[in-house]
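The values are calculated or read from the model by the stated rules, or taken from the named source; none is laboratory data. The model shown is predicted, which means the values in this text are computed figures rather than measured ones. Positions of Cβ are generated from backbone atoms using ideal geometry, with glycine treated the same way; all protein chains shown enter the neighbour counts.
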């Protein structure tokens, strides 16, 4: 196995999947780097969950890894990142979970149980990855399914956080707005 370090990035550049080098702050690198941050938080979340939910999170991690590979490629279509049913799979799980939850009447504060708090952290990191991908899409062609998936994934994580709190008997804390 080759060494983990190559020293090729020591000057502030990195190689893209399929060839070419760009600065490490290139919008493409920012997009897949933000995705990597979100995926790392999902790994922490999966480690804290019961098997059924941990498996669901790891399934999402696999899709995010594929999306990262697609974003790291300057050649559109080189890697098919988002499975055709990925967005509807997230939506189906959201719909299923929401039948178990009380309807939201106001905003809630991120937090609750430790796994729910990690879920909210992952959600915010997915939102960052989505913003970085939008920036990339302004200057380079990207698969539009990536943005749909990231948008839906943040919803999925929000609802999952509520489910995790409910399963642990923790009531979500409502945001009460600014107090005078």
Practice prompt. Could you tell me which residue of region 5-17 is surrounded by the most Cβ atoms within 10 Å (Cβ to Cβ), considering only residues that are at pLDDT 70 or above and within 25 Å of the chain's Cα centre (by Cα)?
Written response: 17
Item to complete: Of all residues in region 136-147, count the ones that are exposed (fewer than 15 other Cβ atoms within 10 Å of the Cβ) and assigned to a helix (DSSP H, G or I).
Response: 3
Item to complete: Using the structure shown, decide if residue 18 is in contact (Cβ under 8 Å) with a residue 60 or more places away in the chain and either more than 18 Å from residue 148 (Cα to Cα) or part of a helix (DSSP H, G or I) (or both).
Response: yes
Practice prompt. Output the number of residues of region 80-131 satisfying the condition of being in contact with a helix residue (DSSP H, G or I) (Cβ under 6 Å, 6 or more places away or on another chain), surrounded by fewer than 21 Cβ atoms within 10 Å (Cβ to Cβ) and part of a loop (DSSP other than H, G, I, E, B).
Written response: 5
Practice prompt. Quick one: in region 65-79, of everything that is in a helix (DSSP H, G or I) and in contact (Cβ under 8 Å) with a residue 60 or more places away in the chain, which residue is surrounded by the most Cβ atoms within 10 Å (Cβ to Cβ)?
Written response: 71
Worksheet item: Are any of the residues in region 158-170 surrounded by fewer than 21 Cβ atoms within 10 Å (Cβ to Cβ) and on the phi > 0 side of the Ramachandran plot?
Response: yes
Practice prompt. Tell me, please, whether a residue that is within 13 Å of the chain's Cα centre (by Cα), closer than 23 Å to residue 171 by Cα and modelled with pLDDT of 90 or more can be found in region 96-105.
Written response: no
